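Accompanying notes for the structure given below.
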């Protein structure tokens, strides 16, 4: 992935067009892009604290909750009676977070090589588990980022795009689009769940059944994802 990556030889399965380093950027471009993003975030926080302090302070809870736990399920917080945000507003937050994440990774990739070593290996395992992603790079990254499955997301999508040799502009677009699409899709499902709960009000058994079905669906997707990675890992590390 990086120019310092010990495994510098491209895989025979990697298309020729993906063997270039898509993150070979100048320090000037890196400083301009990252500086613009950081400046925009600081300006947004300052303006928010002045004109909408309650909403801005709520984001200080919502953003970490999404990044470290809820992920694409952040819009479900809109179901709380005291929520200051609608489900679609929280979906937008997810898209913005994923966009910022991919920009940081793209323009700071070499600095993160050691920190993201395990994530880099997982990204290679994902490509081994799902070889079709090598042929459909942009749609694959969009789908990977938008699905609410543990282990996916902007970080994983960014690293997979790096291994595929995607140009940084295409990668940022794919991850950002997948983030917004996943956020809006989860917001839509959240609203439908809220409507269903209202209709089932007074019948706790049906509500419990609905929750169990949703949890089972997420569990099944997560299990399938982890099983695919486990198979790829066994192939990647054959027994001695």
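Among 94, 172, 50, which comes first, then next, by fewest other beta-carbon atoms within 10 Å? Intermediate results must be reported in sequence, preceding the final value.
Details: 94 33, 172 21, 50 9.
Fewest to most other Cβ atoms nearby, the residues stand as 50, 172, 94.
With the crude spin-label approximation of a point 7 Å out along Cα→Cβ, what separation in nm comes out for residue 213 versus residue 52?
Using points 7 Å along Cα→Cβ, the separation is 3.4 nm.
Mind giving me the FRET efficiency for residue 29 and residue 224? R0 is 45 Å, r the Cβ-Cβ distance, nearest 0.05 is fine.
E between residue 29 and residue 224, to the nearest 0.05, is 0.70.
Based on the Cβ-Cβ distance of residue 136 and residue 188, what FRET efficiency does E = 1/(1 + (r/R0)^6) give at R0 = 30 Å, to the nearest 0.05?
On the way: r = 24 Å, r/R0 = 0.81.
Approximately 0.80, to the nearest 0.05.
Given an 8 Å cut-off on Cα distances and at least 6 residues of separation, report the relative contact order of segment 16-236 as a percent. Don't skip to the answer; put the middle values down first.
Details: 238 pairs, mean separation 59.9, N = 221.
Relative contact order of segment 16-236: 27 percent.
Measuring from centroid to centroid over Cα atoms, what is the spacing of segment 71-106 and segment 153-213 in Å?
Each part reduced to its Cα centre gives a spacing of 10 Å.
Between residue 169 and residue 82, what is the FRET efficiency for a Förster distance of 51 Å, r being their Cβ-Cβ separation, to the nearest 0.05? Kindly include the intermediate steps, with their values, before the conclusion.
On the way: r = 41 Å, r/R0 = 0.80.
For R0 = 51 Å, the calculated efficiency reads 0.80.
Would you mind calculating the gained length between residue 42 and residue 200 on full extension (0.36 nm times residue separation, minus the Cα-Cα distance), in nm to one decimal?
Details: separation 158, 0.36 × 158 = 56.88 nm, distance 4.34 nm.
Full-extension gain reported as 52.5 nm.
Taken together, the values in this text are just the output of simple stated rules run on the coordinates, not laboratory data. If you're wondering where the values come from, they're calculated on a predicted model, not measured in any experiment. Cβ sites come from the backbone with ideal geometry, for glycine too, and all protein chains shown count toward neighbours.
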